[in-house]
């Protein structure tokens, strides 16, 4: 049985994720401004490089931000819009990229099925998230979702964990 690591061709290079995602976020700023939505990149200083296919990772984050645009509050003359933050941090041999929004959140019963395409589901529903998961898995990483939708707080965070170049080199072949 083959998995994403066997079927998704990757053109890996040691990549500065901060620079890569700063460029990605910059291309989305015009859309954010049109929606009166705050879009920001927050990164820890001194993050290690990751051995990734830059185009596929940039596409993954841009797709997550695009999904968040669909759900955050749009601004009006009287009320500001919502916010989307792309955050980068180091964590025990991983670089963690998260896309956080302050949209309505996803009900808990739906979070578990976000990366599955069920029978009878319309074409394309959840496809982007499934592809993002495949891309991240092919890189040796993981994806997970946390979401809140209650009276006190709401929003969704989708987190991508990618091995650093040192971790990827140290990992034994499968």
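With angles folded into 0 to 90 degrees, how steeply does helix 17-35 sit against the dominant principal axis of the chain? Use alpha carbons for both and round to 10.
Orientation of helix 17-35: about 20 degrees from the principal axis.
When the helices in the chain are scored as -39500 (n - 2.57) per DSSP H run of 4 or longer and the sum is shared across all residues, what 222 nm value do you end up with, to the nearest 500 deg cm²/dmol?
Value at 222 nm, helices only: -11000 deg cm²/dmol.
Against the longest alpha carbon principal axis of the chain, how many degrees, from 0 to 90 and to the nearest 10, is the axis of helix 54-71 turned?
Once rounded, the angle reads 20 degrees.
Report the equivalent ellipsoid semi-axes for the chain in whole Å, largest first, defined as the square roots of five times the eigenvalues of the gyration tensor built from alpha carbon atoms.
Details: eigenvalues 150, 84, 41 Å².
Those come to 27, 21, 14 Å.
Return one number: the angle in degrees, 0 to 90 and rounded to the nearest 10, between the long axis of the Cα atoms of helix 127-138 and the longest principal axis of the Cα atoms of the chain.
30
List the relative contact order of the chain as a percent without decimals, with contacts defined as Cα pairs under 8 Å and 6+ residues apart. Display every interim value, and only then the final one.
Working: 310 pairs, mean separation 42.3, N = 174.
Rounded, it is 24 percent for the chain.
When the Cα atoms of the range 24-86 are enclosed in a convex hull and the volume is divided per residue, what value in Å³ results?
Spelled out: Cα convex hull of the range 24-86, divided by residues, is 80 Å³.
We did not get these values from a lab; they are worked out from the coordinates using the rules stated. Since the model is a prediction, treat every value here as computed from it, not as a measurement.
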